[in-house]
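Visitor: Pasting a structure here, questions to come.
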Amino acid sequence: VFVHGSWASRVSARLAAAGMRRDSIETALRRNDLCAVDAYARAPGGADAPALDFRPLPGRPDDLRPLELSPGNVAFVRRDAEPSATCLREAQSDRFGTLELEPLLWQAPPRPERDVIVARDMGPEHNRRVLALLPGRTPYLLVAGVDASAPVLMDYAEGLTRLWGWAGGG
């Protein structure tokens, strides 16, 4: 079961998986354009990774502005930059709401006798790699319910189409 959390949580998960400390992740998200942090998280330490501001200062820099990238989904971006297609796709996937993985695992922890694996939805491309490690499994996508109703467990391809606009990756 893939759980669709917010774009910022997907970026945070990528940074944590690369070994970044939580305080540095929080600073990166507070002090930088979310699109830049996303690009950095996709290529940490790589030649293509943008430089980020990791100074542990309070507040946000003046060159960041709030921008509603999809309904109810506000990110801080540079005043002089337009979000890339990758950024817009990530933001758009959150347009129906998000569910965070951590509270879900705390409220309903996995039970060893159950044959269910719960993972963070990181988008079709990344999810495809996870599915390749679990041949023969039936994937599902857990998404926020309509009008704050209970979460909905969806067929994986249907869920990808709804959130990401593409049914591939399975």
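Visitor: Could the peptides 149-156, 129-136, 34-41 be put in order, highest first, of the mean number of other beta-carbon atoms found within 10 Å of their residues?
Guide: 34-41, 149-156, 129-136
Visitor: Among (1) 42, 41, 31; (2) 49, 33, 30; (3) 84, 31, 29, which is the computed Cα extents along the principal axes in Å?
Guide: Entry (2).
Visitor: Between 160, 97, 116, whose Cα lies farthest towards the positive end of the dipole of the chain when Lys and Arg beta carbons carry +1 and Asp and Glu beta carbons carry -1, centred on the Cα centre?
Guide: 116
Visitor: OK, next. Suppose every K and R has +1 on its Cβ and every D and E has -1 on its Cβ; what is the size of the dipole of the chain about the Cα centre, in Debye to the nearest 20? Each step should come with its number before you reach the end.
Guide: Details: 21 positive and 22 negative charges, 68 e Å.
Roughly 320 debye, rounded to the nearest 20.
Quick note: the coordinates plus some simple rules give every number you see, no bench work behind them. Predicted model, so just to flag it, every value in this text is computed and none were measured. Please note: Cβ atoms are built from the backbone with ideal geometry, for glycine as well, and neighbour counts cover all protein chains shown.
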